[in-house]
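The structure under discussion appears below in the form of structure tokens.
The values are calculated or read from the model by the stated rules, or taken from the named source; none is laboratory data. Everything numeric here is computed off the predicted structure, so don't read it as measured data. Counting neighbours? That spans all protein chains shown, and the Cβs are built from the backbone with ideal geometry, glycine included. Each accessible area value is taken on the protein alone, full model and side chains, heavy atoms only, with ligands, DNA and RNA left out. Shrake-Rupley method; radii C 1.70, N 1.55, O 1.52, S 1.80 Å.
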Amino acid sequence: MTAKDILGNPDYLAISYGGYRKNSRSIQPTVNQLKEDLLILHAMGIRLLRTYNVHLPHASNVLKAISELNQEKQGFEMYVMLGAWIDCKNAWTDKQPDHFQESERNQVEIAKSVELANQYPEIVKIIAVGNEAMVKWAESYYVQPEVILKWVKYLQNLKKEQQISSELWLTSSDDFSSWGGGDPLYHTPALNQLIREVDFVSMHTYPMHNTHYHPIFWGVSPSEKKLPKKEKLEKAMQRARDFAIGQYQQVKAYVEKIAPGKPVHIGETGWASSSDGFYGLEGSRACDEYKEMLYYQEMRNWTNSQGISCFYFEAFDEPWKDSGNAQGSENHFGLITVDGKVKAALWEQFEAGVFQSLTRDGKPLKQTKKGNIELALKAAMIPPPNEHL
């Protein structure tokens, strides 16, 4: 199987994966813990994982775990889009980030990605150069598109020289606006050249964040006020899906002008199940398990029907993402909790027995809310009224 065979194939579902259990990445998951997670994801129908960097042991250990499971478990199959982290000079330091120079570490990150791709050619099918590395709101670390272009061209040249597999696909995974789908300030010659150089475009779309920042689609319309709660939520989440589709179509239209026929896939989209901030009870009332379930179903159904890969964000909750605030939304994008409770989005699969005999940290998986959909519906928040819908 090559990236060309896998991407857009609904039999090879994609997901973003981090196996971190603690509130610091200094505590790395073991290979055995990663194997547990991989078996859970395989049972869900996942066949393509996305990782984010190679400067920590996590990515190489994921590849090791997959390689071992390939030998140990008949029928096990899993591939990886390997992320190479890219950032600017002085990123993540006490110095002012210099967005017009790149970090010296980028070269090390690319070299390690090449090394892993060559070590595990049967697993690594894609390298993604950077994660949200060009979008201007990534103020701590963003770079100019010329930097991403430089490294993509470097890797494409390695393919030509047969120093990495000629079938390895290259991309960069970034916000929809970074790929030309939004503000024209991103429509630069360097971006256009990057679109020509990548093998496909990996774009991000987050309606959940836009329930606060750009809520034109969000809320309950005047005509929906008297509907049952369940229908209000379904209509709200269908509009959220349509907002994501709109951003995808904007990127697709721009890419088509630059490089006709270039594939566009969704490198990230997701919906948190909890928030005590902008998206919670005192904010846009967006984040709960019931809405997460609806969004997951809507996006999987749409992308599968359209032949689009969707690296859904994300597989498991990761408490390091907002380590100072346990209820922060960043910690709750997973479909499964840290302690192995399957959220509502996966209850149907749970009840069908796909997770039977599987464990996380040695404990059998359970359902949140004991699998009671009425409890999930009762706990869900009705979005605020929106007179403009």
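Assess whether L158 counts as being part of a helix (DSSP H, G or I), at pLDDT 95 or above and touching a Leu at 6+ places or on another chain (Cβ under 6 Å). So that I can check it myself, show each step before the final result.
On the way: part of a helix (DSSP H, G or I): yes; at pLDDT 95 or above: yes; touching a Leu at 6+ places or on another chain (Cβ under 6 Å): no.
Judged against the criteria, L158 is not a match.
Suppose we filter segment 128-142 for residues that are under 17 Å from the mean Cα position of the chain (by Cα) and either surrounded by fewer than 20 Cβ atoms within 10 Å (Cβ to Cβ) or in a loop (DSSP other than H, G, I, E, B) (or both); how many remain? Don't jump to the end; show me each part of the working.
In the first step, residues of segment 128-142 are kept if they are under 17 Å from the mean Cα position of the chain (by Cα); the result is 128-135, 138.
Within this subset, residues satisfying the condition of being either surrounded by fewer than 20 Cβ atoms within 10 Å (Cβ to Cβ) or in a loop (DSSP other than H, G, I, E, B) (or both) are 132-135, 138.
Residues flagged as under 17 Å from the mean Cα position of the chain (by Cα) and either surrounded by fewer than 20 Cβ atoms within 10 Å (Cβ to Cβ) or in a loop (DSSP other than H, G, I, E, B) (or both) within segment 128-142 amount to 5.
Filter segment 1-16 down to the residues that are part of a loop (DSSP other than H, G, I, E, B) and either polar (S, T, N, Q) or out of contact with any helix residue (DSSP H, G or I) (no Cβ under 7 Å at 6 or more places or on another chain) (or both), then identify the one that is most open to solvent (accessible area, probe 1.4 Å). Working first, answer last.
Keep residues of segment 1-16 that are part of a loop (DSSP other than H, G, I, E, B), which gives 1-2, 7-12.
With either polar (S, T, N, Q) or out of contact with any helix residue (DSSP H, G or I) (no Cβ under 7 Å at 6 or more places or on another chain) (or both) added as a condition, the list becomes 1-2, 7-9, 11.
Values: M1: 88, T2: 26, L7: 19, G8: 18, N9: 42, D11: 113 Å².
The residue in question is D11.
Looking only at residues of segment 176-190 that are polar (S, T, N, Q) and outside any loop (DSSP other than H, G, I, E, B), we find that the one that is surrounded by the most Cβ atoms within 10 Å (Cβ to Cβ) is S178.
Would you tally the residues in segment 17-51 being among the polar types (S, T, N, Q) and crowded, with 20+ Cβ neighbours inside 10 Å? Quick ask: steps written out before the conclusion?
Residues of segment 17-51 among the polar types (S, T, N, Q): 23-24, 26, 28, 30, 32-33, 51.
Still in the list and also crowded, with 20+ Cβ neighbours inside 10 Å: 51.
Qualifying residue count, segment 17-51: 1.
Suppose we filter segment 361-389 for residues that are open to solvent by 70 Å² or more (accessible area, probe 1.4 Å), without any contact (Cβ under 8 Å) to a residue 40 or more places away in the chain and either part of a strand (DSSP E or B) or small (G, A, S) (or both); how many remain? Matching residues across segment 361-389 total 3.
For segment 143-153, does any single residue satisfy the condition of being of a type in the set (F, W, Y) and either more than 19 Å from K89 (Cα to Cα) or modelled with pLDDT under 95 (or both)? Before the answer, list the steps.
Going residue by residue through segment 143-153, those that are of a type in the set (F, W, Y) are 151.
Right, trim to either more than 19 Å from K89 (Cα to Cα) or modelled with pLDDT under 95 (or both) and you get none.
No.
Suppose we filter K125, K112 for residues that are surrounded by fewer than 20 Cβ atoms within 10 Å (Cβ to Cβ), in contact (Cβ under 8 Å) with a residue 24 or more places away in the chain and within 29 Å of S309 (Cβ to Cβ); which single one remains? Just a single option satisfies the conditions, and that option is K112.
When we screen V54, V62 for residues that are open to solvent by less than 30 Å² (accessible area, probe 1.4 Å), in contact with a Leu (Cβ under 7 Å, 6 or more places away or on another chain) and under 19 Å from D174 (Cα atoms), the only hit is V54. For the criterion of being touching a Lys or Arg at 6+ places or on another chain (Cβ under 9 Å), assigned to a loop (DSSP other than H, G, I, E, B) and of a type in the set (F, W, Y), Y52 fails.
Contact annotation: residue pairs with Cβ atoms under 6 Å, 6 or more positions apart or on different chains, pairing a residue in segment 260-275 that is among the acidic types (D, E) with a partner that is surrounded by fewer than 24 Cβ atoms within 10 Å (Cβ to Cβ) and assigned to a loop (DSSP other than H, G, I, E, B), are E268/F313. Against the conditions (1) farther than 19 Å from I126 by Cα; (2) surrounded by 19 or more Cβ atoms within 10 Å (Cβ to Cβ), L69 satisfies every one except (2).
Number of residues in segment 326-346 that are in contact with a helix residue (DSSP H, G or I) (Cβ under 8 Å, 6 or more places away or on another chain) and part of a loop (DSSP other than H, G, I, E, B): the value is 3.
Could we say that H99 is part of a helix (DSSP H, G or I), modelled with pLDDT of 95 or more, within 26 Å of M203 (Cβ to Cβ) and open to solvent by less than 50 Å² (accessible area, probe 1.4 Å) here?
Details: part of a helix (DSSP H, G or I): no; modelled with pLDDT of 95 or more: yes; within 26 Å of M203 (Cβ to Cβ): yes; open to solvent by less than 50 Å² (accessible area, probe 1.4 Å): yes.
Criteria not met by H99.
Take S173 and tell me if it is open to solvent by 10 Å² or more (accessible area, probe 1.4 Å) and not charged (D, E, K, R). Spell out the reasoning first.
Numbers: open to solvent by 10 Å² or more (accessible area, probe 1.4 Å): no; not charged (D, E, K, R): yes.
When the stated conditions are applied, S173 does not pass them.
Those residues that are under 12 Å from Y141 (Cβ atoms) and either under 22 Å from the mean Cα position of the chain (by Cα) or outside any helix (DSSP H, G or I) (or both), I need them from segment 102-114; list them, please.
Kept after step one, since they are under 12 Å from Y141 (Cβ atoms), are these residues of segment 102-114: 102-103, 105-106.
Within segment 102-114, E102, S103, N106 meet the criteria.
Scanning segment 342-353 for residues that are crowded, with 19+ Cβ neighbours inside 10 Å and not aromatic (F, W, Y) yields V342, K343, A344, A345, L346.
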